Amino acid sequence: MVSNANRPCPICASREMVFLYQMNFELPASSPLPRQYQIVSCQSCGMIYADSSATQQDYDHYYEQFSKYEDTKTASGGGYSAADQVRLANMADVLAAYLTKTDSIIDIGCANGGLLEALSKLGFKHLTGIDPSPVSIKHVQERGFCGFSSKISDLNKENVGSHQAIVISHVLEHVFDVASAMYTLSSLLNQGGVLYVEVPNASNYSSNYVVPYYYFDAEHINHFDSHALDNLARRHGFEVIAKGEKNIPVSSAIEYPAVYALFRKLPTVANFEVSYSDDLKLGILKYIAKSSQDGRLEKIERYATNGEAVILWGAGSYTQRLLATTRLAECNIIAIVDNDRNKQGLLIHSIPIQSPSVLREMEGVILISAAIYAEEIKKDIAALGFQHKIDVLG
Ligand SMILES: [Zn+2]
C-alpha cells in the first residue's frame, strides 16, 4: 500500500513510499535519537530508508555526544589494524587513479585519519580531515595532518576552501538531510572535482547476514545500492566515473558489504528524473524474512521463561534492538556491561551500563549480546579470569 512518509526520500525527495518493516530500539535514556522508525521503500526511485520523526539536529547532537569512532583500539577508519590499513590503502589507490599528487583532498568523517595516512604514503601533500568528534581530530593532528572538528552543515567555502577531491566514506548512511549534505559537498569542490562516496551495500545485507536486523540500527537510516548512488550523483550535478562493490572485514568471522562510486562534478546541475528499480526492495524483503526466522530469538525466550540471573555483555545497537523487539527485556537482567567508555554510565532499560570489572562481585550467566565481536569478547572474559557460565546471542 502506498502512503505518505514523514521524511522525504533522501535521494529524490518523494514522500510516496511503501512500508516494509517497523523497527524499535531501547536506546540509552539520554540519546536524542528516536525509539522507533519504519523501514520504507521509495515509490519513485526504489531507495530504502528509515522514515524517522527525528531531525538533522537530533543526529548532529547524537554524533557530537556519542562518537564511537575515536577509540584508537576498537574503531575502524583509524588504520590501526592490519585489515583496516589494507582497506584504506585500496581506497587511496582508487582515488590516486583520478588525481594528481598536488591536488587537495578532504576526508569528511575522517575518524582518526587512517585514510589521510594512506594517501600521504602515496605522495599526496594537501590533506585535510574533518570529523564531528574533537577527540578524533586531536588524533588526526597528532599524526601531522590538518584537521578540524565540524558537522557537514557548518562547512562552507569560506571556512574550508575549495578542493579537487572530497571523500565521504561510511557517512551518508547516517545523514538525515542527504540533499543538503550533497549541496554542501558540491559547493566545496572545484569544477571537475571528484567526490568519492562509500556506503554499506544494502543489496547484499542478505548474503552478508550476521544477526537479526543487524543492518537496521538507530544510526543507519539510509540504505543505498549501486542504482541509488547513480540517482544521487545525477540529481546533484555529478556524473559517475567509476564504481564498485567490496566486502570489508570487521571481525575474525564477519565481512561488511559496501558499495562505492566516484562522482565527477559537472559544470551545471541539470534537471534529472530519477529512475526506478525494485531490485533493492526485493533484496531487503529477503533480508527481513531471514531475520524474522532467526533461531537466536528462541534462546532469548528460554531465558525469559526460566528467570535465570543474566548479565548482558554488550550495550550496542544489537542489544538496544533486542530489548525493544524480543522478550530480552523480560529476562532477569542483573547487570549490563560494555568495554566502550562512551557508553559506561548511561542508562539503558533503566539499568546503568558498567565496566566489565564489576562482574568480579557478581554471579549469573554472561549473555554475550554483540553482533560481531562475540569471539573477541570471549577472549576478554578469559583474560579477566571470570568463571561465569557464558552463552552467546551474537
Ligand atoms: Zn526516492
In whole angstrom, how far apart do the alpha carbon centroids of the range 303-346 and the range 104-172 sit? 36 Å
Quote the relative contact order of the range 296-392 in percent (integer), defining contacts as alpha-carbon pairs under 8 Å separated by 6+ residues. 29 percent
The residues Met182, Met91, Met1, Met47, sorted from fewest to most surrounding Cβ atoms within 10 Å, come out as Met1, Met91, Met182, Met47
Just going by the charge dipole of the range 64-270, with Lys and Arg at +1 and Asp and Glu at -1 on Cβ, which of Ile254, Leu127, Asn201 is farthest out on the positive end? Leu127
Test item: Cα-centred dipole of the chain, Lys/Arg +1 and Asp/Glu -1 on Cβ, debye: 360 debye
Taking the range 290-375, which trypsin sites (Lys or Arg not before Pro) meet the DSSP loop condition and have no more than 11 other C-beta atoms within 10 Å? Arg341
Relative contact order computed over the range 228-356 (Cα-Cα under 8 Å; 6+ residues apart), in percent: 16 percent
Within a Gaussian network of the chain (alpha carbon springs, distance under 10 Å), most fluctuating of Ser186, Ser252, Ser14: Ser252
Considering only the range 64-270, what is the antiparallel percent among its DSSP beta bridges, to the nearest 5? 50 percent
How large is the Kirkwood hydrodynamic radius of the chain, counting all unique pairs of alpha carbons, in Å? 21.9 Å
Per the helix-only calculation at 222 nm, which mean residue ellipticity applies to the chain, given -39500 (n - 2.57) for every DSSP H run of n ≥ 4 and division by its residues, nearest 500 deg cm²/dmol? -8500 deg cm²/dmol
By how many nm would the segment from Glu239 to Asp93 grow when fully extended, if each residue of separation counts as 0.36 nm and the alpha-carbon distance is taken off? 50.5 nm
Straight-line reach from Lys379: which aspartates and glutamates fall under 15 Å, measuring Cα to Cα and dropping same-chain residues less than 8 apart? Asp338, Asp391
How do Ile381, Ile221 line up, fewest other C-beta atoms within 10 Å first? Ile381, Ile221
Kindly provide the trypsin sites (Lys or Arg not before Pro) of the range 213-265 that DSSP labels as loop, not H, G, I, E or B, and whose Cβ sees at most 13 other Cβ atoms within 10 Å. none
When DSSP beta bridges are limited to those with both residues in the chain, what percentage is antiparallel, rounded to the nearest 5? 55 percent
Rounded to two decimals, the Rg over Rh value of the range 64-270 from Cα coordinates and the Kirkwood Rh reads 0.93
Among Ile39, Ile108, Ile241, determine the one that fluctuates most according to a GNM of the chain built with springs between C-alpha atoms less than 10 Å apart. Ile241
Based on Cβ point charges of +1 for Lys and Arg and -1 for Asp and Glu, what charge dipole magnitude is obtained for the range 64-270 about its Cα centre, in debye rounded to the nearest 20? 520 debye
Listed by chain and number, the residues whose amide H is under 5 Å from that of Gly147, excluding neighbours fewer than 5 places away on the same chain and using placed H, are Gly129
Mean-square fluctuation maximum in Gaussian network of the chain, Cα pairs under 10 Å, restricted to Asp230, Asp338, Asp294, hits Asp294
Are any of the pairs Lys290/Lys343; Lys157/Lys343; Lys343/Lys378 more than 25 Å apart by Cα-Cα distance, and if so, which? Lys290/Lys343; Lys157/Lys343
Using alpha-carbon positions, the gyration tensor of the range 296-392 gives root eigenvalues a ≥ b ≥ c; with a/c under 1.5 called rounded, otherwise prolate if a/b exceeds b/c, else oblate, the class is rounded
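Every number here is computed from the coordinates shown, using simple stated rules; none is lab data. Please read these numbers as outputs of a predicted model, since none were measured by experiment. Cβ coordinates were reconstructed from backbone atoms using ideal geometry, including for glycine residues, and neighbour counts include every protein chain displayed.
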